[in-house]
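Scroll down for the structure; my scribbles are underneath it.
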Amino acid sequence: MRNSVEERKVFWQMYQSVLDEKGMPFTIICERQWAVVNSYSSKWRRNIISMDFSLQKHILRINAYLDNDLSLYAILVSKKEEIEDKLGFAPVWGAGEKKGNARRIKVELPFVPYDRNDYVKLIEQSIPIVQRFVEAFKPYIKYD
């Protein structure tokens, strides 16, 4: 059996190395399977841009995560067309899987678990998407 804890560490180290090579287009703080974007803390806050590296589901989820902020979600939905224009694609809009009042605006990228070459492709594919998320949600999600 493979060690998923170690594999997540490897993935996030690889991600950080690529960000360093690219001159840090954004920052990540990693904690287990998730990384918080442009924050100085991995603590889960009310509203964040984050990534979830799921070995079990074979996806990297990039999302604007809103925890119990239905009023902000309503504002974002009212600006959906503008946000999707900035993103350049239509993400999935909806409720979080576990918390009743959580909302996610997400895109999920598939990958092959434990395949380091595929991780490189995944990281390269995800960086511009994360940059678009940061830009599109900048007026609504404040970073610390």
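Residues checked against (1) modelled with pLDDT under 90; (2) more than 21 Å from Ile129 (Cα to Cα); (3) not β-branched (Val, Ile, Thr):
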site	(1), (2), (3)
Gln16	no, no, yes
Asn47	yes, no, yes
Ile62	no, no, no
Asn68	yes, yes, yes
Glu82	no, no, yes
Gly88	no, no, yes
Trp93	no, no, yes
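Listed by position, the strands (runs of 3 or more DSSP E) contained in the stretch 45-144 that have at least 1 residues being surrounded by 18 or more Cβ atoms within 10 Å (Cβ to Cβ) and of a type outside the set (S, T, N, Q) are 47-54, 59-67, 102-110.
The residue pairs whose first member lies in the stretch 30-46 and is at positive phi, whose second member is part of a loop (DSSP other than H, G, I, E, B) and at pLDDT below 85, and whose beta carbons are closer than 6 Å, counting only pairs six or more residues apart or on different chains, are Asn38/Tyr143.
The values are calculated or read from the model by the stated rules, or taken from the named source; none is laboratory data. Nothing here was measured: the structure is a model prediction, and the numbers come from that model. Cβ coordinates were reconstructed from backbone atoms using ideal geometry, including for glycine residues, and neighbour counts include every protein chain displayed.
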